[in-house]
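One structure is given here, and the rest of the page talks about it.
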Amino acid sequence: MRLTQGTFSFLPDLTEEQIKKQIDYAISQNWAINIEYTEDPHPRNN
């Protein structure tokens with residue numbers, strides 16, 4: 001299932017390597033980040 005909410009929702013799915021690079025970059029910039037993940041999204045997100 002593909003959710004269409006959030007910062008990266010307009011992009012194609014990121015690979016694990018691309019996700020790692022995004023996280024590493026945010027950390028290197030001392031940015032506060034929040035990562036949300038679920039395998040069971042709320043029905044309104046279908």
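The values are calculated or read from the model by the stated rules, or taken from the named source; none is laboratory data. As the structure is a prediction and not an experimental result, all values here were calculated from the model. With ideal geometry, Cβ positions are generated from the backbone for all residues, glycine too; neighbour counts draw on all protein chains shown.
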Practice item. Kindly list, by first and then second residue, each pair from a residue in segment 22-46 that is of a type outside the set (D, E) to a residue that is not in a helix (DSSP H, G or I), limited to pairs with Cβ atoms under 6 Å and residues at least 6 apart or on different chains. Key: A26/I33; N45/L3
Review point. Across segment 1-20, what is the total count of residues that are at pLDDT 75 or above and over 12 Å from the mean Cα position of the chain (by Cα)?
Key: 1
